[in-house]
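The values are calculated or read from the model by the stated rules, or taken from the named source; none is laboratory data. Computed from a predicted structure; not experimentally measured. FYI the Cβ positions are ideal-geometry reconstructions off the backbone, even for glycines, and counts take in every protein chain you see. Just the protein is used for accessible areas: all its heavy atoms, side chains included, with ligands, DNA and RNA removed. Shrake-Rupley method; radii C 1.70, N 1.55, O 1.52, S 1.80 Å.
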Amino acid sequence: MSNAGAESLPTKEVNVLKGHEGAVLAARFNSNGEYCLSCGKDRTIRLWNPHRGIHIKTYKSHGREVRDVHVTPDNSKLCSCGGDRQVFYWDVASGRVIRKFRGHDSEVNAVKFNEYATVVVSAGNDHSLRAWDCRSHNTEPIQIIDTFRDTVMSVCLTKTEIIAGSVDGTVRTFDIRIGREISDDLGQPVNCISLSNDGNCILASCLDSTIRLLDRYTGELLQEYKGHTCKSFKMDCCLTNSDAHVTGGSEDGFIYFWDLVDASAISSFRAHSSVVTSVSYHPKDSCMVTSSVDGTIRVWKT
């Protein structure tokens, strides 16, 4: 598939990052796009220069698979979570764990720092979101949100809100200042959410092989993107940095790009030999990293 616009998309493989043993569960650019972090079944987090194809550092302390990782805007700290039910707060330079936050009753699927890197919010199989203060030595959560009826898979933060997607079929928005909750029911298990770069829309990947675009303020369903297979795995979706295209992986190893407005599949190509777990788009350039159950992270440019 190809039409106008496809030539500007990162569909050419420029590097393969190898080092993880077993499935890579997430790969994420840092805030300026110079580095990326990955995590996986082998219980490690790895820091890479994806543009040069270089492995920089490995972080080991988790007792089970690592499902998600996020780095602060200044690249000095990272947080991670996974099968051992804990949220780890790390010093990037030394590789030391500064703190372990315990409190989830089950596996933890997603973690995010707030804008000031003072708080980490985690999403768990125990149907809850928990917020942890990075500055205090108290390891208890400062907030617990447990209105979900099933596993919480994914979380995004704005200046004033926590937004989360759950297997119960909802995307819920919590206004931290006024303590209000808004719930949008998509009627299908939500396995990943991400925000548009302009902050106006929420992209939600659902387990009926459909990615849905919601208006963040009205909850209106604006568009649906189809063609990929997403039925049983947690797989990321995101918008390109211009918000012109939606991208996401597929359980057959394909990557898809859709036109944001008319939802046509502009490009699809075989990127991995197995399930694509993660897609992360560069904040400025036409560049993307993808990760897979096949054990590789691949770097794509135009």
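Hey, among Arg28, Arg46, which residue is at pLDDT 95 or above, in contact with a strand residue (DSSP E or B) (Cβ under 9 Å, 6 or more places away or on another chain) and either surrounded by fewer than 23 Cβ atoms within 10 Å (Cβ to Cβ) or part of a loop (DSSP other than H, G, I, E, B) (or both)? Show your work before the answer.
Numbers: Arg46 fails: either surrounded by fewer than 23 Cβ atoms within 10 Å (Cβ to Cβ) or part of a loop (DSSP other than H, G, I, E, B) (or both).
Testing whether each residue is at pLDDT 95 or above, in contact with a strand residue (DSSP E or B) (Cβ under 9 Å, 6 or more places away or on another chain) and either surrounded by fewer than 23 Cβ atoms within 10 Å (Cβ to Cβ) or part of a loop (DSSP other than H, G, I, E, B) (or both) leaves just Arg28.
Look at the range 65-102 and say how many of its residues are in a loop (DSSP other than H, G, I, E, B) and either farther than 24 Å from Lys234 by Cα or at pLDDT below 95 (or both). If you could, list the steps in order and put the result at the bottom.
Keep residues of the range 65-102 that are in a loop (DSSP other than H, G, I, E, B), which gives 65, 72-76, 83-85, 92-96.
Narrowing the set further to residues that are either farther than 24 Å from Lys234 by Cα or at pLDDT below 95 (or both) leaves 73-76, 92-96.
Adding up the residues that qualify gives 9.
Under 6 Å between Cβ atoms, at least 6 apart or on separate chains: pull out the pairs that start in the range 99-116 with a residue that is buried (at least 18 other Cβ atoms within 10 Å of the Cβ) and end on any residue that is modelled with pLDDT under 95.
Close Cβ pairs (under 6 Å, with a partner that is modelled with pLDDT under 95) amount to Phe101/Thr139.
Given the structure, is Asp243 in contact (Cβ under 8 Å) with a residue 60 or more places away in the chain, under 22 Å from Ser286 (Cα atoms) and touching a Ser or Thr at 6+ places or on another chain (Cβ under 7 Å)? Full working, then the answer.
Working: in contact (Cβ under 8 Å) with a residue 60 or more places away in the chain: no; under 22 Å from Ser286 (Cα atoms): yes; touching a Ser or Thr at 6+ places or on another chain (Cβ under 7 Å): yes.
Criteria not met by Asp243.
Among the residues of the range 142-170, write down those that are more than 18 Å from Glu107 (Cβ to Cβ) and not in a strand (DSSP E or B).
Ile142, Thr147, Thr158, Lys159, Thr160, Gly169 - these are the residues of the range 142-170 that are more than 18 Å from Glu107 (Cβ to Cβ) and not in a strand (DSSP E or B).
For the structure I just gave you, tell me whether Thr139 is open to solvent by 40 Å² or more (accessible area, probe 1.4 Å), assigned to a loop (DSSP other than H, G, I, E, B) and touching a residue at least 40 places away in the same chain (Cβ under 8 Å).
Values: open to solvent by 40 Å² or more (accessible area, probe 1.4 Å): yes; assigned to a loop (DSSP other than H, G, I, E, B): yes; touching a residue at least 40 places away in the same chain (Cβ under 8 Å): yes.
Against the criterion (open to solvent by 40 Å² or more (accessible area, probe 1.4 Å), assigned to a loop (DSSP other than H, G, I, E, B) and touching a residue at least 40 places away in the same chain (Cβ under 8 Å)), Thr139 qualifies.
Within the range 183-221, track down each residue that is surrounded by fewer than 16 Cβ atoms within 10 Å (Cβ to Cβ) and either within 20 Å of Ser278 (Cα to Cα) or more than 20 Å from the chain's Cα centre (by Cα) (or both).
Narrowing the range 183-221 to residues surrounded by fewer than 16 Cβ atoms within 10 Å (Cβ to Cβ): 183, 185, 187, 197-200, 208, 215, 217-221.
Ser183, Asp185, Gly187, Asn197, Asp208, Tyr217, Thr218, Gly219, Glu220, Leu221, listed by residue number.
Under the condition of being within 17 Å of the chain's Cα centre (by Cα) and over 18 Å from Glu115 (Cα atoms), which residue from the range 58-86 is most open to solvent (accessible area, probe 1.4 Å)?
Only one residue fits best here, namely Arg67.
Taking Ile255 and the conditions (1) assigned to a loop (DSSP other than H, G, I, E, B); (2) within 22 Å of Asp68 (Cβ to Cβ), which numbered condition does it fall short on, given that it satisfies the others?
(1)
Considering each residue of the range 257-282, count those that are in contact with a strand residue (DSSP E or B) (Cβ under 7 Å, 6 or more places away or on another chain) and farther than 27 Å from Asp42 by Cα, and give that number. Outline the logic, then answer.
At the first step, the residues of the range 257-282 found to be in contact with a strand residue (DSSP E or B) (Cβ under 7 Å, 6 or more places away or on another chain) are 257-260, 263-272, 274-282.
Those left that are additionally farther than 27 Å from Asp42 by Cα: 257-260, 263-269.
Total satisfying the criteria: 11.
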